[in-house]
Each structure stands twice: as C-alpha cells, then as structure tokens.
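The values are calculated or read from the model by the stated rules, or taken from the named source; none is laboratory data. Note that the structure is predicted; figures quoted are calculated from it, not measured. Glycine also receives a Cβ, built like all others from the backbone with ideal geometry; neighbour counts cover every protein chain displayed. Calculation scope for accessible area: heavy atoms of the full protein, side chains included, ligands and nucleic acids excluded. Shrake-Rupley method; radii C 1.70, N 1.55, O 1.52, S 1.80 Å.
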Amino acid sequence: MMGKSLSFPMRGELLVLVACAAVSLTLLLLPADTRILVADRLGLVLTSPYYRVRDFGQDVLRTRDDNAWLRKRVAEMELLAATGERMQRDAGRLAGPALDPGFDGDMVPCRVVVRQRARFATLVKVHSLMPVQWQPWQPVISSSGYLGRLREVINDRDAWVELLTAPDFALGVEIERTGLLGVLRPRGDTFVIDMVGRDEDVVPGDRVITSGIAEIKEGDADPGGAALTQRGFPVGTIVQAYAVPDGLFKMIEVEPAASFDFNETVFVVTPMVAEIGPGGTP
C-alpha cells in the first residue's frame, strides 16, 4: 500500500511526457535567436534557486569567519587593557610610602621576553614598548619588590637584566625597623646580609629595603657614572638571625620579596625626565 501511494500515476507520467514534448516542439519551431533566448530564460529559472542557496551558504560561512576574527581581536584588546591596568596598579603600589619622599624616578613597564635557562636564572632580557634611555645598573623591580639591575643595553627598547640571584651580586640594604645597614648577597638558594654586628638588634620578621647608600658593582669601568638604586624598594623579610661563635657579624638570612622564577612584567626605574619650558629651562 505504501509503494502504491508513492508511485507516480500513469496519467501523470503521460501528462509530463506530453508537456516535455510540447516544449521541445515549440523550441524547434521557434526562430534560432528566439530559441536561444527562451532556453537561456528556462535555464535561469531552473538554476536560480541553486545559486541562491549556494550564495547564501557562502555568506553564512564568511560571516562566521568574520565574527571569529572580531572575537579574537576583542579578546586581545581586553587582554592588553587588563595588562595596562595591572601595570598601573603595580607601579602605584611600589611607589608608595616605602620610598623616600624625594623619589623622582620613573617606572618604565617592560615585558620579559627571554629567560636564561638554568637552575638559578641570573639574566633576563626585557623589552619596552617605548624607547627608553637605558643606563647600566638602573634598578629593576617587579610587582613584589626588588628584582635586579640593568646589566647590558642592547638598543633603546631591549636590555639584559642581572637578577639578584647572580653569584657575584651585592646590594646595599637597610633593615627598616632599626635603620641598620648591610650588604645583601646570594648564597646558594638563600640570601644573607653581611656586615651587621653580632650585637645589633635584628629579629625575624624585620623588613629589608634598599638603602640607597652602598652600591656594589663588579666589573664596571666607571662606577661613579652608574645609576644608583634609590632607597625604599622592598627587598625581603628576615627569616633567621643569630650570632656566629667567634664571629664579628651576625648571620642573617632573608626571604626575598620578589619571585625570580616567573615574571611577566617588570619595571625599570629611570630618572624622571624634566620637561623643558619655552625659555629652555626645566
């Protein structure tokens, strides 16, 4: 019964056959020019739905690709905006009460692009989005605290930074609570402060900052012309302090404030550039 309902009636087949024959004879009886024109019109009527569906499908695919590209661009712009806001927050937090009131430096945000592959990384390469007047030994900080110093200038946008973990690194520091001065050096996987007397008041939990006084630079041909680290950048916290038998100085171990394993954005502290007025004076 199902097959009978779907079969085309014999009468319908005859009607279609007669219609096709009539159209064919009509086309044959028409003049050549008219015959070509009518055949072209018929072909257009029969094929027009196909081309419309095809064009619609292509437009849908093209629109989908355009939307995907736009979504990608919007995501990239949102990421850049979030990065800029984070840089501003980090710079504002670091330029807080810890720094001296007379601090006149500028914090240039830079992206870490190359990291030395070793157990203890000692060098990273940074890139600035804008030209910078780099100077050797300019301090470099992260969002948490002191990270290292500028070691080698590549160009006005790229430079190598020596991290505090470098074996020969030495930094003048101050114990904030008491004002005691010392020299911070890496020792294995920890940091120690030298040159603090055995009888001085030092306890675990004391905050350590840059002193802005002593700057130890090895291998510099002209130490006097190098940049000086300003006072007040957080360096770390004292975790252990005790007197060594028969020693003149305390053994002081420090936990660094900054992380040296992963830093996406760092700040190079450069002197503030004064604006020149119309008369040629700042």
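At-a-glance table
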| item | result |
| --- | --- |
| Nitroxide proxy distance, nm - points 7 Å out along Cα→Cβ at D189 and S48 | 8.0 nm |
| Shape call, the stretch 107-276: gyration tensor on alpha carbons, a/c limit 1.5 | prolate |
| Extension reserve of the M10-D201 stretch, reckoned as 0.36 nm per residue once the Cα distance is removed | 57.4 nm |
| Paramagnetic reach from A19 (point 7 Å along Cα→Cβ, amide N under 15 Å) across the stretch 45-63 | 46 |
| V38 versus E76: modelled label distance in nm, points set 7 Å from Cα along the beta carbon direction | 5.9 nm |
| Two-site FRET efficiency, F262 against V153, from Cβ-Cβ distance with R₀ of 25 Å, rounded to 0.05 | 0.55 |
| Per-residue SASA entry for Y50, accessible area with 1.4 Å probe, Å² rounded to 10 | 140 Å² |
